[in-house]
1. Here are some residues: 200, 205. Which one is under 19 Å from residue 147 (Cβ atoms) and assigned to a loop (DSSP other than H, G, I, E, B)?
2. Name the residues in the stretch 474-504 that are hydrophobic (A, V, I, L, M, F, W, C), surrounded by 20 or more Cβ atoms within 10 Å (Cβ to Cβ) and farther than 26 Å from residue 548 by Cβ, would you?
3. For the stretch 505-539, how many residues meet the condition of being part of a loop (DSSP other than H, G, I, E, B) and open to solvent by 10 Å² or more (accessible area, probe 1.4 Å)?
4. Assess whether residue 325 counts as being touching a residue at least 60 places away in the same chain (Cβ under 8 Å) and at negative phi.
5. Sort out which residues of the stretch 536-552 are touching a helix residue (DSSP H, G or I) at 6+ places or on another chain (Cβ under 8 Å) and more than 11 Å from residue 404 (Cα to Cα), and write them in order of number.
6. Search the stretch 79-104 for residues that are on the phi < 0 side of the Ramachandran plot and surrounded by fewer than 24 Cβ atoms within 10 Å (Cβ to Cβ) and pair each with any residue that is polar (S, T, N, Q) and not in a helix (DSSP H, G or I) when their beta-carbon atoms are under 8 Å apart and the residues are at least 6 apart or on different chains.
7. What number of residues in the stretch 277-297 are open to solvent by 10 Å² or more (accessible area, probe 1.4 Å) and assigned to a helix (DSSP H, G or I)?
8. Name the pairs whose Cβ atoms lie under 7 Å apart, with the first residue in the stretch 397-420 and under 17 Å from residue 453 (Cα atoms), the second aromatic (Phe, Trp, Tyr) and surrounded by fewer than 24 Cβ atoms within 10 Å (Cβ to Cβ), and 6 or more positions between them or separate chains?
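The values are calculated or read from the model by the stated rules, or taken from the named source; none is laboratory data. Computed from a predicted structure; not experimentally measured. For neighbour counting, all protein chains shown are included, and Cβ atoms are generated from backbone atoms with ideal geometry for every residue, glycine included. These area figures cover heavy atoms from the full protein model, side chains too; ligands, DNA and RNA do not enter into them. Shrake-Rupley method; radii C 1.70, N 1.55, O 1.52, S 1.80 Å.
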Amino acid sequence: MRAELLLAGLVVWFVGAAIDLTLGASSRRVRPIPYLAGLLGSACVLAAAIQMVGGHPVNVDLGSLLGVGRTSLRLDGLAGLFLTLTSGLGIGISACMVTWVRQGPTAQGPTAQGPRVHGHGLGAGYMLLLGAVTVIIVAGDAFTFLFAWESLTVAFYVLSGVRRSSVGQARASWVTLCFSKSSGACLTFAFLLLAGNVGSFTIASWHAVPHGVLHAASYALIVAGFGAKVGLVPLQVWMPRGYPAATGPMRAAMAGLAVNVGFYGLWRMLGVLGSPPTWLIALVLLLGGLTALLGVVFAAVQSDLNRVIAFSSVENGGIIMVGYGVAMVGMALGQPSLLAVGLLAATLQAVAHAVAKSCLFVAVANVEADRGGSSFSEVVGAAHSHPWSSATLAAGALTLAGLPPTIGFVSEWFILEALMQQFRVHGLALRLSMAGGGALVALSAGVAALVFVRLLAFAVLGQPPPNGALPRRGDRGASGRTGLLLLGSGCLWLAAAAPWCIRYIAAGLGPIVPTAVVDQALKSPWVLQPVFGGFSILSPTWLFVVIPVGMVTVALAAVGLSRTRVLRVRRVPAWHSATAGVAGPDSYGAYAYANVLRHVLANVLGSRREVVVVKGGLPAEGIPGPTHVEYQATAVEPIEAYIYRPGRVVALWAARWARRLQSGRLDAYIAYMLVALVALLAAVVALG
């Protein structure tokens, strides 16, 4: 039944893509059909995923369907676990898209446009993304996996380049394509090495690869390939470009849904290849911590919400990789409990990130479409015009800030608890790596609170523009509100139901670590512990009782002890920039809120500050005007500035030099091939 449900979902998505390619956005009634197909197909896949987690593993042999070897599918608990996450998000995002594409923006003035979707391609790209993600997760052989992986690359290129209304968006789509292809190249090379060693393209057979140079090289290529997809430094530069370039809630499909295939691949290969080399474990732990810190620091100084959320994706990818590094330590040392706590923590963080990121991108897309932009100054006070989107935005922000009672608090608690188990590790290199990764994650968690408090304070709770022309169409539509409710409430009920979620995750992680070991995280039906007993405990379920009761108790005590004076209305001058009377554009804003961080972390950010004196008036008429001072600051992304830009210069120089070889003479080309053949034969002889 699982295979039939999967096939039904794929067929529905194919029909949705065909409708989009043939009819496109020609009619207001036709536009939502592909996304209704996305919702229905995701529901079918979700039903199949639940059966996978609760049932026995099944191998489906499709013969020579793809024309290379035997095409097979692996339907087991791990595939079911990740399909549950991706298909559940597919339902929520598709529901939001149904309403989003039916409406036109209500922004006034020069930002006003026509319908939100034009022409063909957006719906088909989304259907391709859903189908590719599903096939990647259930692929049982290398060719099926890589075929779906490259299909996902095409989907990313389509979704990030469907608008191309500016040079920046076109460039972003090419950068996204470049890093996606680099990721696929690493995985292809690694899979060929593994398949050549055992003589089989079946992924499960690679567990027989002996430890050695080939095993270590393949492991490193696999981490690099999947790391590029999840934004591991230095392969993260495409995210802040590619995600904002996509249109509307498609950013949620890329950042919240599709990115999980990278984590799935890492989980799957850890179970197949077994113990990784020590140097690779240390590299993953340290790079993961550095990724988390760089991502959240650059998120803190952005003025555009889409870039804030994109850099936050980099941060969360780093945190998840640190948890994965702990699992690698457990696998290398043969400690199932350490393996379990690392995988459980990383999986919970992946779930929290996926749900919260989908919340943020969908909510910001609604506000942006109606306000005409996504900067803090343009979406300020969204709660006054988009209450549903703002509530969803708040839930996602609190989750990524790691605050209770959200699932983000539970997942980050597990990550930090997993890193504290370093005293159980005997190797000095691994202990130091876990300590370094833990310090970087703890620092990034503190900065993340600053980032998302700023988002809440200005984007959600801030005062709207004084012109009073606030659009109210972004939250209309039963489907869109249902999608927002599903995504936003998921940040909360996943935490309240954390013990049941852990049981489900434990069943899904069965192919890697015994379910009974992961279930040791349940100290009692409602109390959690980091797998190791007697270390620490947490009850997120009880927090949903204790926190409201505590708030009510404090409120009643305040009213009683003040003899109701606390309820009296008192009017005092507002505080602005620590100076009375400063209001309007000179008041304390989102830019100033992050200025302290620009100074404190100037070495990391490469901050450049400049004071500019701007004179007003009408020079043509000789009328002097007011003069004011502007403070301008910019941040330099070190990975892009010091690695990729010099590399780009070298690549362009090499291309110009190579053009000289294109003489157009046949004899010259034959000579080139002869030289290359002789060099290859010499290399083979030297290696032999």
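1. 200
2. Answer for the stretch 474-504, where residues must be hydrophobic (A, V, I, L, M, F, W, C), surrounded by 20 or more Cβ atoms within 10 Å (Cβ to Cβ) and farther than 26 Å from residue 548 by Cβ: there is none.
3. Here the count works out to 14.
4. Taking the combined requirement at face value, the residue satisfies it.
5. Hits for the stretch 536-552 are 536, 538.
6. Short answer, once both residue conditions are applied: 104/113.
7. Going through the stretch 277-297 one residue at a time, the tally reaches 9.
8. So the pair list comes out as 402/409; 403/409; 405/544.
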